[in-house]
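All remarks here apply to the structure that follows.
Derivation of every value follows stated rules applied to the coordinates shown; laboratory data play no part. A quick note: this is a predicted structure, and the numbers were derived from the prediction, not measured. Note: ideal-geometry Cβ built from the backbone for every residue, glycine included; neighbour counts use all protein chains shown.
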Amino acid sequence: MEDQWRISKYDPEWENLFHDLAIKLRESLGDLASRIDHVGSTSVIGLDAKPIIDIQISVLNYDNVLNYKTKIEEAGFVLRNENPDKTKRYFRELPGNRRTHIHVRQAGSFSEQITLLFRDYLRAHPADCLRYAQEKHRLMELYKNERPKYVEGKGPIVWNIIQKAHTWSQEVGWQPGKSNR
């Protein structure tokens with residue numbers, strides 16, 4: 001398995017990888033998922049990223065974990081109970097498979113919406129997209145062997161972009177587009 005703890009140039013194959021996974025997830029989840037979206041840096045054309053596909057699954061009944069847990073596991077992922085973020089349930093690939101992050105969130109929640117807004121803003125603003133990529137490259141050079149510091153280091157630019165995205169959303173009347181799957 002290739003080392004995915006690196007920043008890669010944008011690869012159009014990431015979209016195909018997402019679609020293949022999303023089809024499996026949709027077949028397994030059916031109507032339990034109101035949305036299945038490609039999120040994270042690999043979902044933004046032209047953005048350098050860690051080659052890890054991030055998928056956000058929006059569910060109407062987030063608290064009923066058993067409703068969707070088994071279905072996501074049937075699609076080849078495992079729930080990571082040690083996730084400290086209480087706004088999502090976090091699933092990962094089974095050992096030996098390509099690295100994938102599955103984020104299950106309550107449909108309509110702030111965390112679901114902000115993830116989609118961040119993605120959509122970057123898709124519409126190439127200068128901020130480039131600035132974000134440059135910062136990720138810089139942080140990877142600094143913290144290649146310290147993942148928590150890399151993640152923490154992205155905080156200031158992420159919050160800056162979220163602030164700009166919020167302003168933009170008000171100016172254009174942003175709403176999440178149609179689900180990817």
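Numbers at a glance
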item: Alpha-carbon centroids, the range 60-98 and the range 21-51: separation in whole Å; result: 14
item: Label zone at Glu27 (point 7 Å along Cα-to-Cβ), backbone N below 11 Å, the range 71-101; result: 75
item: Potential lengthening between Arg131 and Lys9 on full extension [0.36 nm per residue; Cα-Cα distance subtracted]; result: 42.5 nm
item: Exposure proxy order (Cβ contacts within 10 Å, fewest to most) of Leu117, Leu21, Leu142; result: Leu142, Leu117, Leu21
item: Shape call, the chain: gyration tensor on alpha carbons, a/c limit 1.5; result: oblate
item: Relative exposure of Thr87, Thr70, judged by other C-beta atoms within 10 Å (fewest first); result: Thr70, Thr87
item: Residues Ile45, Ile7 arranged by fewest to most Cβ contacts within 10 Å; result: Ile45, Ile7
item: Relative contact order [Cα under 8 Å, 6+ residues apart], the chain, whole percent; result: 23
item: Three-way shape label, the range 91-181, alpha-carbon gyration tensor, a/c 1.5; result: oblate
item: Cα pair distances exceeding 17 angstrom across the range 104-156, given as percent; result: 51
item: Sparsely packed GluC sites (Glu not before Pro) within the range 16-84, loop by DSSP, other Cβ within 10 Å at most 10; result: Glu82
